[in-house]
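Step one of this worksheet: look at the structure below.
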Amino acid sequence: MKHSILAVFIASTFFGMAQKKAPNILFIMSDDHSAETIGVYASTLKEHVQTPNIDRLATEGAQFNNVQCVNSLCAPSRATIITGKYSHKTGVYTLREDLNTGGDATSAPKILQAKGYQTAIIGKWHVHGDNLHGYDYYAMTRSQGSYWNPSLAAKDGEKVKREGYVTDVYTDLSIEWLDKRDKEKPFFLMTHYKAAHGPWEYAKRHADMYKDVTIPEPPTLYDTYENRTPEGIPTNQSRIHRGDEDKMSLSYWFQFGKKGASGTWPTGNIDLKGMSAKEKTAAAYQKYIKDYMRVVKGIDEGVGKMLAYLEAQGELDNTIVMYTSDQGMYVGEHGFFDKRLGLNEAMKMPLLIRYPKKIKAGTQIDAIINNVDFAETFVDMAGAEIPSDMQGYSFWDLTQGKNSKDWPRKQSYYGFYSNGIPKHYGLLTDDYKILKYIGKDGHLLGVDLFDRKNDKHEMYNQANNPKYAKALAEMEAKLAAEIVAIDLPKELMPGNLVKEEGKEKKKKDKSKKKSKKNKTKQKEHA
């Protein structure tokens, strides 16, 4: 009897130790965070960005320099990150579609939960549908949420309402969950900040940051777009300033239903009267970039607060801490804000990972990664089996010194389905990028070919340059092969899908009108 009790005790002790040895995973994701506004990535803004806590993850861990988004829009990117699948597999192409992960559908949180992880999502979710399977706890917003006094949906059906600045609230909720969690289990916490998404309302404590400073301009701020395919230029809604208005022309975009109006800038308008078009763009840029970096400062403080909590609890070095954004963002490059056009600033995602038990401080990784690879990596970090229907690769080994030459991803596909610019798709390699723009009727509008080695700002289209004929042919062939490799049927490609979406939307609109009419009649007869 004594021996059997001893055996049980030893077995339970070893089981507990095994559980303790599993690394925690803290996945911090901001929204629309440009890599240029993170210290370790910054070039033009290097002397002005203030992100010491985010930078710490790189200096004490790994910095990825070539991470690409496959569909640069919030909902599609987030659906891809948790499922490890491209948009045509998740069914989330724009901001309108649902993602459902119930039943046999695979997702990273479901796998980690089954592996024994305690799981939670706190902050901005922004994916509609039945897709919160695999979480022990959540407090999240289905859409953007507010920068002030946010209200979040909780798993118990109640609302979580907090006073204060949204980044601070999400940080505090994350720490509260960490403090209340089951300490015997490893945790997988996804903290999703609303920042740095528009309308860039910063915490009051940051109001005087950059007050008397002139922020350097990106070299492409006054881009004239004359050397690229005209159809590959976003509409005015993505311009920092249109040149003929006396207000911030991008402010209307965030006026909640007043689309097309000149709007009011959330932190105060600036007077552009009497300025030339160039002067207006310069002034608009200064207002935009300062507000943006003030918002980023709040994120960095939140990251620092979570790192300090984990350190105080003795858990920091047993926690894989990851920082990323759901996509890139234009912060003045090419005269843009937003993120839809598949140039470098929109496609490039920051990614920093700290885990000193396995990652050497200061590790630099230049291999091409994309956000399809995130889910597989979460699963791999937890020591679970990666499902065969996930479409990416785990990059966990790359952080530990695996030769990037053995990394299987040599190129990254991009497909954009929403509005603000023609639908387009293409392919990126270390040397080139090809983007193909599609009209409303599905025909090809134009092609851009960029030489990534010699034209890092992607200013010159070489598709019609005879010197690049071979490169163009090779990129066309690689793009065609990649479309086959990711199992993307023609009818689900950008420009083809939109026609079916339009028909389906009309059907739904008619159905809604009919339903509303019937309900009105029922009320009248009641």
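Some observations on this one:
- Helix-only CD estimate at 222 nm, as mean residue ellipticity for the chain, using -39500 (n - 2.57) per DSSP H run (n ≥ 4): -10000 deg cm²/dmol
- Residue-wise HN-Hα couplings along the range 216-232, as the Karplus relation 6.51 cos²θ - 1.76 cosθ + 1.60 with θ = phi - 60° gives them from phi, are x, 8, x, x, 9, 4, 9, 3, 9, 6, 6, 9, 10, 4, x, 5, x Hz; Gly and Pro carry x.
- Where GluC sites (Glu not before Pro) fall in DSSP loop in the range 14-96, at most 11 other Cβ within 10 Å: Glu47
- The separation of the range 345-364 from the range 437-494, counted between C-alpha centres, amounts to 29 Å.
- The listed peptides 201-210, 417-426, 337-346, ordered by packing as a protection proxy, come out as 337-346, 417-426, 201-210 (highest mean of other Cβ atoms within 10 Å first).
- Packing order of peptides 76-89, 386-399, 481-494, highest average first: 76-89, 386-399, 481-494 (average count of other Cβ atoms within 10 Å over each peptide's residues).
- Burial order of peptide ranges 138-145, 94-101, 62-69, 191-198 (average beta-carbon count within 10 Å, highest first): 191-198, 62-69, 138-145, 94-101
- Beta bridges per DSSP with both ends in the chain, % antiparallel, nearest 5: 55
- As an equivalent ellipsoid, the chain spans semi-axes of 37, 28, 27 angstrom, where each value is the square root of five times an eigenvalue of the C-alpha gyration tensor, largest first.
- Evaluated with a Cβ-only charge set (Lys, Arg +1; Asp, Glu -1), the range 59-214 carries a dipole of roughly 240 debye about its Cα centre, given to the nearest 20.
- Dipole moment magnitude, nearest 20 debye, the range 429-488 about Cα centre, only Lys, Arg, Asp, Glu C-beta charged: 160
- For Val67, distant residues with modelled amide H under 5 Å away: Met349, Ile369
- Cα convex hull volume per residue for the range 413-497 (Å³): 94
- Out-of-range pairs (alpha-carbon distance over 25 Å; input Lys124/Lys348; Lys85/Lys194; Lys46/Lys453; Lys194/Lys273; Lys211/Lys280; Lys155/Lys358): Lys194/Lys273; Lys155/Lys358
Each reported figure results from applying straightforward, stated rules to the coordinates on display, with no laboratory input. This is a predicted model, so every value here is computed, not measured. Cβ: placed from backbone, ideal geometry, glycine included. Neighbour counts: every protein chain shown.
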